[in-house]
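See structure below.
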Protein chains: 2
Amino acid sequence: MPGEMMIRRLRVNSKLSEDDVSALRSLRVQVKEFPEETVVVREGERATHCGVILSGFAYRAKVAENGKRQILSFHPAGDMPDLQGLFLDRMDHDLVTLSRARIGFIEHRSIHQLIEAQPSIAQALWRETLVDAAVFREWIVSLGTRTAAGRMAHLIAELRQRLTAMGLAADDEFEFPITQSRLAEALGLSAVHVNRVLQSFRAEGVLDIQKNMVKLSDIAKLVEIGGFSDTYLHQQ
Amino acid sequence: MPGEMMIRRLRVNSKLSEDDVSALRSLRVQVKEFPEETVVVREGERATHCGVILSGFAYRAKVAENGKRQILSFHPAGDMPDLQGLFLDRMDHDLVTLSRARIGFIEHRSIHQLIEAQPSIAQALWRETLVDAAVFREWIVSLGTRTAAGRMAHLIAELRQRLTAMGLAADDEFEFPITQSRLAEALGLSAVHVNRVLQSFRAEGVLDIQKNMVKLSDIAKLVEIGGFSDTYLHQQ
DNA sequence: CGATTTGTTGACTAATATCAAACTGTGTGG
DNA sequence: CCACACAGTTTGATATTAGTCAACAAATCG
């Protein structure tokens, strides 16, 4: 039931009627499995499908002219990271798997039909893209105003919040198969500096990342260091 | 005719039919004038209207927990900077005038009616919010990977491109009433450093900012320093 | 015209990057 | 099972970028 993940996810930000749910269930979803660190859709391509992450993690990234890569967002199960493709004809960034991941693909054509027939679903999807943009805004605030430790803490706190909403995080830990150099690409830091920040978090009992798991020792401290407040996520 | 500005703007990214245009013309727009540096909508508020910048400039900004303010985007005439308010109930950032500005306000209710009756307009507005997000993504790349000079150059090159699309820029100059400390807030730099970057641009014949005008001396160099490519703007 | 904001300069400091090397863990083929 | 390769992490030394502070100059405004 690949549609279920999508329904669960849309319910985080929108109310869905019975009709909406059954319409979503009727979507044809083509499931593919990808190994870790595999490009799913590449910048410049014309996308014909929308992807739903069914298991594992993906991220979006863009390569700057100087060769540095910037990670734009992380996507756990439930996320639909390329909804923008419904109305923008070319990808302006890559979609890449972080871990091994199953991704469900839905044809643009069927989504277009669906949202024409069912405006409430159009609204839910539109809202998804708006929340996506709100997360980008907060990411800009992080990069522009926060210290290295603040950015790191904010990222982890945000992930925890989003995973919790999907029932994918325990109280004090969650799965997140990330390397330090990818964290560096996300936070606009060097891998060496990321390493040092993580060491300081370990030493001060904030968190630890070991073997694909983020272990949180002091969530209050994490939230404070990152200046995290969940309002920008617009969860109901 | 306050609707005309909006129509001109939507045509940058979308095709509009005759019906679309006349429907847009029939929207009731309430025009208000604001002095410079005035908060139009504040973070946390529940917006009831969408704004269209009719003249002047506005920007969106967010204050981080540490008191630093991050400017998220600049908005020249034509832009509708708070479209997200149609589906997100509270503002997650401020909308502020940069210069004296006239802003047209349209009730959410009438836009909701319009997009229900005319799906092609819904698509055009949705696409606007998606391009807005694409610009945020590029802003993230700037903050995460580019040097101070690169960020500055990229911002100016982007603005030039967007203003040109609206017919608001001459070949080698455009109006942009910005102070160095606001540039600093946008680029995640200190005002002193912005000053030094601008001096180097002047010295090397790239550009000069004087009296509300950006004067471009060498656009090719500007584009190169900023690593600017316009594809992410998704203009047709 | 004084008052205030904006821009400029120099000296010094802090944050983070870079480079290079060593260390750790994990999986693979012999 | 071992040896090796490889990717990821850790460490130390040094370099660079940008921030801070403080003073002053220039422009703008009422």
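The values are calculated or read from the model by the stated rules, or taken from the named source; none is laboratory data. Computed from a prediction, not measured in an experiment: that's the story for all the values here. We place every Cβ from the backbone using ideal geometry, glycine too, and count neighbours over all the protein chains shown. Calculation scope for accessible area: heavy atoms of the full protein, side chains included, ligands and nucleic acids excluded. Shrake-Rupley method; radii C 1.70, N 1.55, O 1.52, S 1.80 Å.
In this structure the amide hydrogen of A:VAL40, modeled in the peptide plane, comes within under 5 Å of the amide hydrogens of A:LEU95, A:VAL96, A:THR97, none closer than 5 places in sequence on its chain. In order along the range A:131-146, phi translates into HN-Hα couplings of 5, 3, 5, 5, 5, 4, 4, 5, 4, 4, 4, 4, 5, x, 10, 9 Hz, rounded to whole numbers, per the Karplus curve 6.51 cos²θ - 1.76 cosθ + 1.60 with θ = phi - 60° and x for Gly and Pro. For the segment B:77-86, counting C-beta atoms of other chains within 10 Å of every residue's C-beta and taking the mean gives 2. Sparsely packed loop sites in the range A:20-54 (the trypsin sites (Lys or Arg not before Pro) outside DSSP H, G, I, E and B with at most 12 other Cβ atoms within 10 Å) comprise A:ARG28, A:ARG42, A:ARG46. Taking 0.36 nm per residue of separation and subtracting the Cα-Cα distance, full extension of the segment from B:THR164 to B:GLU36 would add 43.8 nm. For the range B:160-236, applying the loop criterion from DSSP together with a ceiling of 14 other beta carbons within 10 Å to the trypsin sites (Lys or Arg not before Pro) yields B:LYS211. With the convex hull drawn over the C-alpha atoms of the range B:55-107, the volume per residue is 80 Å³. Inter-copy label distances at A:GLU4, shortest first and taken from points set 7 Å along Cα to Cβ: 5.8 nm.
For the protein assembly as shown, lysine pairs separated by 8 or more sequence positions, or belonging to different chains, with Cα-Cα distances below 23 Å total 6. Residues whose amide H falls under 5 Å from that of B:ALA169, counting only those 5 or more places apart or on a different chain, are B:THR164, with hydrogens built in the peptide plane.
Anyone know which of B:GLN161, B:GLN30, B:GLN84 comes out most mobile in the 10 Å Cα GNM of chain B? Ranking B:GLN161, B:GLN30, B:GLN84 by mean-square fluctuation puts B:GLN30 first. Computed from phi, the 3J(HN,Hα) profile of the range B:12-29 under the Karplus parametrisation 6.51, -1.76, 1.60 (θ = phi - 60°) reads 5, 10, 9, 7, 10, 7, 4, 4, 4, 4, 6, 5, 5, 5, 7, 5, 7, 10 Hz, with x in place of Gly and Pro.
Judged by the ratio a/c of the largest to the smallest principal axis of the C-alpha gyration tensor, the range B:146-233 counts as rounded, that ratio being less than 1.5. Fully extending the segment from B:MET213 to B:ASP171, taken as 0.36 nm per residue of separation minus the present Cα-Cα distance, adds 13.8 nm. On the basis of the beta-carbon distance and an R0 of 30 Å, A:GLU107 and B:SER55 show a calculated FRET efficiency of 0.10. Kirkwood radius and radius of gyration were both taken over the C-alpha atoms of the range A:2-125, and their ratio Rg/Rh is 0.98. Over the protein assembly as shown, DSSP H runs of length four or greater, each weighted -39,500 (n - 2.57), average out per residue to a 222 nm ellipticity of -14000 deg cm²/dmol.
The distance between label points at A:VAL21 and A:ASP230 comes to 2.2 nm (points 7 Å beyond Cα on the Cα→Cβ vector). Rounded to the nearest Hz, the phi-derived 3J(HN,Hα) couplings of the range B:181-194 under the Karplus curve 6.51 cos²θ - 1.76 cosθ + 1.60 (θ = phi - 60°) are 6, 6, 4, 4, 5, 6, 9, x, 10, 8, 4, 4, 5, 4, where x marks glycine and proline.
Positive end of the dipole of the range A:1-91 (Cβ unit charges, origin at the Cα centre): among A:GLY56, A:PRO2, A:LEU72, the Cα lying farthest that way belongs to A:LEU72. Treating each Cα of chain B as an identical point scatterer and summing with the Debye formula, the log10 of I(q)/I(0) at q = 0.12, 0.14 Å⁻¹ comes to -0.67, -0.91. Seen against the Cα atoms of chain A and their longest principal axis, helix A:148-165 is set at about 40 degrees.
By the compact-protein rule of thumb, 2.2 N^0.38 Å, the alpha-carbon radius of gyration of the protein assembly as shown corresponds to a ratio of 0.95. Averaged over its residues, the range B:146-233 has an accessible area of 44 Å² per residue, based on protein heavy atoms and a 1.4 Å probe.
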